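The values are calculated or read from the model by the stated rules, or taken from the named source; none is laboratory data. Predicted, not measured: the structure shown is a model, and the values here were computed from it. Note: ideal-geometry Cβ built from the backbone for every residue, glycine included; neighbour counts use all protein chains shown.
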Amino acid sequence: MPVGKVKWYDSDKGFGFLSRDDGEDVYVRADALPSGLTNLKPGTRVEFGIVAGRRGDQALQVRVLEKQPSVAQQQARARRKRPEDMVVIVEDLIGLLDQVEGTYRAGRHPEGKTAKQTAALLRALADQLSA
């Protein structure tokens, strides 16, 4: 089966073009996309069958091989901190969590300042882990 990338695809119109690795562009209609997929992002790696149509080659049974990351995912990766910087965040978080644990064991809720710092560090760590 030929392999290539999505050149462009218009989900409103229901068609687009794939660039084959061997150079030729192939027309693709919405009904050739996998079930549940309504859009293809440019640059996405795909595999597909080909049939000769009236106006040239047409893709059949498109299968996505490698999804193109979203803009948000690309930006998150670009903002990712260095591992050396993350060590400091994790160490600070462990210290704050130890304080929070002690407060809960004493039958109280943590003070507002400690709770806010801990929550901020947890969010920062979660953002870095999911980037």
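Pairing each residue of region 6-26 that is in contact (Cβ under 8 Å) with a residue 24 or more places away in the chain with any residue that is in a loop (DSSP other than H, G, I, E, B) and surrounded by 15 or more Cβ atoms within 10 Å (Cβ to Cβ), provided the two are 6+ apart or on different chains, yields C-beta distances under 6 Å for Val6/Leu40; Val6/Thr44; Tyr9/Leu40.
Is it the case, given these coordinates, that Leu65 is assigned to a helix (DSSP H, G or I), surrounded by 10 or more Cβ atoms within 10 Å (Cβ to Cβ) and either small (Gly, Ala, Ser) or in contact (Cβ under 8 Å) with a residue 24 or more places away in the chain (or both)? Taking the combined requirement at face value, the residue does not satisfy it. In region 85-116, the qualifying residues are those that are acidic (Asp, Glu) and in a helix (DSSP H, G or I), and the one that is farthest from Gln128 (Cα to Cα) is Glu101.
Mind checking which pairs have a first residue in region 41-57 that is in the same structural domain as Arg20 (by TED's automatic domain parsing) and a second that is small (Gly, Ala, Ser) and at pLDDT below 90, Cβ under 9 Å, 6 or more apart or different chains? Correct list of pairs: Lys41/Ser70.
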